[in-house]
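Undergrad: Take a look at this one; I'll ask things after.
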């Protein structure tokens with residue numbers, strides 16, 4: 001078990017709604033990355049936050065946005081939900097120096113869009 | 001898009017046998033990592049190999065890297081039922097966006 005916690009664990013929304021997912025990073029970690037994992041696929045990079053600023057973004061539209069707070073916790077917001085947004089959303093924390101060497105993942109939030 | 005592609009997509013073996021999974025990637029890298037994911041859970045980091053290394057061991061795990069072929073393999077020796085999981089390779093690209101890019105994974109089933 002890592003020290004990364006995500007909430008909620010499961011969520012059901014309808015198309016067009018908005019959702020906020022939350023992540024508390026492991027103690028001592030100042031970098032948070034978010035990934036989307038569709039069923040049967042590998043995780044896809046959404047974006048990364050360091051010192052409360054976005055520090056890299058994958059091929060996701062602007063309706064995917066995020067925040068990082070002074071305590072390094074983070075939120076992922078998705079507006080105008082689409083059916084294809086149904087996936088497992090994973091948060092991963094790391095130290096800045098190890099951001100691309102070792103990620104510590106939470107257990108994820110399973111989002112279903114109906 | 002997926003940077004790495006694992007092969008095979010699924011593998012079923014008996015307890016005690018060795019399991020080998022392969023990963024191919026497309027761009028030059030700083031390092032390559034392997035992660036494990038139990039069903040519907042978060043990923044757990046297993047091992048990292050740097051671009052200037054060819055082989056690395058950790059317990060029952062052995063990883064090789066061939067940068068000329070842009071490929072890596074993960075060997076799990078003397079497998080156990082508890083090794084049943086999905087295994088993903090992840091690459092840290094040398095240039096461009098500095099974020100780990102994951103492959104599509106190998107689903108390993110170890111029969112007791």
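The values are calculated or read from the model by the stated rules, or taken from the named source; none is laboratory data. If you're wondering where the values come from, they're calculated on a predicted model, not measured in any experiment. Don't worry about glycine lacking a Cβ; one is built from the backbone with ideal geometry, like all the others, and counts go over all protein chains shown.
Undergrad: So which residues in the stretch A:50-70 are at pLDDT 95 or above and not in a loop (DSSP other than H, G, I, E, B)?
TA: Selection gives A:64, A:65, A:66, A:67, A:68.
Undergrad: Taking the condition of being modelled with pLDDT of 95 or more and out of contact with any strand residue (DSSP E or B) (no Cβ under 6 Å at 6 or more places or on another chain), how many residues in the stretch A:74-104 meet it?
TA: Of the residues in the stretch A:74-104, 4 are modelled with pLDDT of 95 or more and out of contact with any strand residue (DSSP E or B) (no Cβ under 6 Å at 6 or more places or on another chain).
Undergrad: Also, I was wondering about something else. Tell me which strands (runs of 3 or more DSSP E) are completely within chain B and hold 3 or more residues being closer than 26 Å to residue A:3 by Cβ, or say none if there are none. Outline the logic, then answer.
TA: On the way: elements: B:5-7, B:10-14, B:19-24, B:29-37, B:43-50, B:55-58, B:61-66, B:71-76, B:85-93, B:106-111.
The strands (runs of 3 or more DSSP E) meeting that bar are B:29-37, B:43-50, B:85-93.
Undergrad: I would also like to ask the following. Regarding the stretch A:75-88, can at least one residue be identified that is surrounded by fewer than 22 Cβ atoms within 10 Å (Cβ to Cβ), under 13 Å from the mean Cα position of the chain (by Cα) and without any contact (Cβ under 8 Å) to a residue 24 or more places away in the chain?
TA: No.
Undergrad: Looking only at residues in the stretch B:70-99 that are surrounded by fewer than 12 Cβ atoms within 10 Å (Cβ to Cβ) and in contact (Cβ under 8 Å) with a residue 40 or more places away in the chain, which one is farthest from the other protein chains (Cβ to nearest Cβ)?
TA: Out of the qualifying residues, it is B:78.
Undergrad: Condition (residue is buried (at least 18 other Cβ atoms within 10 Å of the Cβ) and within 12 Å of the chain's Cα centre (by Cα)) applied to the stretch A:48-56: is it met by at least one residue?
TA: Checked against the condition, which is being buried (at least 18 other Cβ atoms within 10 Å of the Cβ) and within 12 Å of the chain's Cα centre (by Cα), the stretch A:48-56 yields at least one hit.
Undergrad: Going through the stretch A:7-37 one residue at a time, which ones are surrounded by fewer than 16 Cβ atoms within 10 Å (Cβ to Cβ) and modelled with pLDDT under 95?
TA: Hits for the stretch A:7-37 are A:27, A:28.
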